[in-house]
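Below is one structure, written out as C-alpha cells; the observations come after it.
The values are calculated or read from the model by the stated rules, or taken from the named source; none is laboratory data. Just so we're clear, the structure is a prediction, and the values are computed from it rather than from any experiment. Cβ placement follows ideal geometry from the backbone for every residue including glycine, while neighbour counts extend to all protein chains displayed. To get the accessible areas, we keep the full protein, side chains included, count just its heavy atoms, and leave off ligands, DNA and RNA. Shrake-Rupley method; radii C 1.70, N 1.55, O 1.52, S 1.80 Å.
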Amino acid sequence: MSEENDNKAPKKDPKGTGGEPNFNWRGFLLLSAALGLFGLAIWSKGSGSGIQEIPYKQFKELLQEDRVHVDEKAEKFLYLVEKEGTREEYLRGWYELKPAEQVDPDEKYQQFKTVVNLAYVEDELKSLLKEREIEIYKFEPESNTMAAILLTFLPLFILIFLLYFLFRHQMRAAGKGAMGFGKSKAKLMAMDTNKTTFKDVAGAEEAKEEVWEIVEYLRDPKKFQRLGGKIPKGVLLVGSPGTGKTLLARAIAGEADVPFFSISGSDFVEMFVGVGASRVRDMFEQGKKNAPCIIFIDEIDAVGRHRGHGMGGGHDEREQTLNALLVEMDGFDTQEGVIIIAATNRPDVLDPALLRPGRFDREVTVNLPDVKGREEILKVHAKKVKMSADVDMGIIARGTPGYSGAELANVINEAALLAARKDLKAVNLAELEEARDKVRWGKERRSMAISEKEKENTAYHEAGHAILGMLVEHTDPVHKVTIIPRGPSLGMTMYLPEDDQLSVRKHFLLDRLVVIMGGRVAEEIQFGNVTAGASGDIQQATNIARKMVCEWGMSEALGMVEYGSHNEHLFLARDMGNSTRDYSEATAQKIDVEVKRLIDTAYDRAMELILAHREQLELIAQGLLEYETLDGKHVQDIMDHGEMQNPPASPKPPEVPTEAPKSTDKDEEKSKSSDEDELPGDLAPAGA
C-alpha cells in the first residue's frame, strides 16, 4: 500500500515554486505573434506597393509637360489595365520627377496609376498619346480577386487562429471555460506544502483520538479488517466557530500519507442550475481515481441543509446538489476508499438523511477548550513569539473561560503587537492580560471625555460589584476592577474562576444575582438617584433568573418543569411555526412573579451587605478614582486592613504616537545582534 500511495502522491515542485503557476511564455509568444501580424496587415494595407494614384486631369498635365516616361530597355511602358469581373480601368506607367520633388537623387521616376473610363475619354486619350508619340504597349487584364482576398483576410484569419489557441489555453489553465463549470473545485493538498500535524492541535484530545483511527486505517487497513471492522465513510466535525475544526482536518492531511482534497460547501452552488450536482459527481470521480483518499468539505451546511424547509419552498439547485451528495456517499454505485470529512457549526440545520450511518457514521464534537486545553493552546501559539521567562500561561488560561482556539491565538498576537509598540524585548504578563481584555471587551478608551460626575458614579457602581464579590461565599474571586472605558462599558469588574464550571449550582446563581445587583445598589446608597448604567446588569440578572425558573427547575413554586422551547438558533420556516407557548397564561404570570421574586431578594440582600460595609465601599470608590484600576489583592487589602498595602502606580495620560524616529545603520546592527543573541534558533520577536 505504501508503494501505491507513493505513486499516487502529488509530485513535488522541482523549482520550489510552492505549486504556483509559472509565467505563461506560450501565451505571451502567441499574443506577440498575433499583435505583430495584426500590425503588419494594417501597415501593408496602408502602405500599398509604392504606386502613386493620380487623377486623370493631372495625367493630362503630365502628358502636356512631356513628363510621361516610356523606356523599352528599362521595361517601363504605359499599360492599360482592366480588372476582370468589373468595369474599372486604369492607366499605369511612369513619370519624371522634378528636381524639387526628388527625395532620392537616384530615383528620377515615379510609378503612377490613374483611373480612366474609355467610354468617355477614349478619343481624347488617343489624340493626346498620338501627339506625344506614346503608345499603349501592353494591355494587361488584371485578375486579382483571390489575391486581394488573401492579402486582406489572411492576416485576420491567422490572428483569429492564434487568439483562439491563446484563450483556449488560458481557459483550460484557469478552469473557467464553458465546459469547466461542472468540474469540481476541490484542491489537492500537497504533502510538502502542508506542515500541520497533530502536534499543532491542542485542547481537543478526544477529537484527535477519534480521527486518529482514520489515519491508522489508511496506513494499515489490515489491522482493522482482520476482525471485520469497516472504517467510517464519513466523519462530521461539529463545534463552535474557532474551535479548530479546519485545523484538525489539516492535521489529518499532514498525518495521513494519502491524497487529501479540500473544498468549501459554497463552491458547489452556482448561478447555473445543475452545476452543483455535476461538481459533486466530478469530485467523487477524482476521489475514486486516487483512492484511498480523504475529501474535506468545509462549512457543509451551505449545501446540506434540510430539504423543503425554506420560506416559500425549497431551493431546487441546493436540493439537487444535496441529492447528488447523498447518492455518491451511499448509493447503489458505492466504492470503498473515499472518506469524507466535513465541518460545520450548525448541525441542527443539516438534513437527517445526511447524518445517518453509512454516510456520516461518526460525529466528532470539537468543544471549547477547558482550562488545561487553553493553557496548551496558548503554549502552542507562544512558540512563535518571544515570551518573558516569568510568564505563567496558567493565569491567562484561567482568565479566558469560554475563549475558542482562534481567540486564544488572537490574544497571543495582540500581546506581541502591544509589546512591539512599547519597544519591549519580550512579551510580559501585563501585555497578555491587556490583550485578553482587548479581545473580549475591546480596547481601552482612555481619551474618552467623561465628566467628573460620570466618573464618580462609575467608581461607586464598580465598587458595589467588587465589595459584594468579596463578601458573598459562592462566587468567583475578584481579579480586577477598573473605571477605564472599554468597548461599550464605562467600567467593569472582572473575575478569575479557579476552575471551569461545567455545571452551576443554585447557591452560586443566587450569589451571582447578589453581585450583579451591587452596582445599582451602590448608586442608590451613595447618590439616591440611580442612572441607566445598570441596564446590562438588569438584563443579565433577568436572563439568569428566568433560566433558573423555566429551564433548570430551581424554583420551589413552579417545580422541575421546563416551560417553553429554548432553541438557541432558529431555523427559518421549521422553527418559526413552532414558536407557540406550551403553558397557560396563569403559568406565565407565575413565572413572571417568581423571576421578580428572585431578583428582588438578591437586591435586598445586596442592599443589606453594602450598608453594613459602607466605609469599605467609600474606600474602594476613592481608590478607583485615584488609580483607575485596582487588582483583586488591592480590594482584599481594603476589606481586611482599611487601606492598600502596596498601591498601584498612578495612571499616565494616553500617549499620542508621533513620527517614528529614523534608525541609523548602527542602531539596526545593534538591535539585530542583540536579537540574535537572545533568540533560540530561527524564532524572532513578533512585530519586529
### Query
Can you give the accessible area per residue of the range 502-549, in Å², using a 1.4 Å probe?
49
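Hey, any idea what % of the range 397-531's accessible area is carbon plus sulfur with a 1.4 Å probe?
Carbon and sulfur together cover 49 percent of it.
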### Message
Taking 41 Å as R0, compute the FRET efficiency from the Cβ-Cβ separation of residue 440 and residue 597 and round it to 0.05.
### Response
0.80
### Query
How would you order 259-267, 512-520 from highest to lowest mean count of nearby Cβ atoms within 10 Å?
512-520, 259-267
### Task
Using θ = phi - 60° and the Karplus relation 6.51 cos²θ - 1.76 cosθ + 1.60, list the HN-Hα couplings for the range 196-207 in order, rounded to whole Hz, with x at every Gly or Pro.
7, 10, 5, 5, 8, 9, 10, x, 9, 5, 5, 5
### Estimated FRET transfer efficiency when R0 is 56 angstrom, pair residue 383-residue 161 (beta carbons, to 0.05)
0.45
### Summary
So, with points 7 Å from each Cα along the Cβ direction, the residue 282-residue 219 label distance in nm works out to 3.5
### Summary
Simple spin-label estimate for residue 372/residue 88, 7 Å along Cα→Cβ, in nm, reads 9.6
### Summary
Placing +1 on each Lys and Arg Cβ and -1 on each Asp and Glu Cβ in the range 355-447, then taking the dipole about the Cα centre, the residue among 397, 355, 416 whose Cα reaches farthest towards the positive end is 355
### Query
According to a simple spin-label model (label point 7 Å from Cα along Cα-to-Cβ), what is the distance in nm between residue 421 and residue 646?
2.7
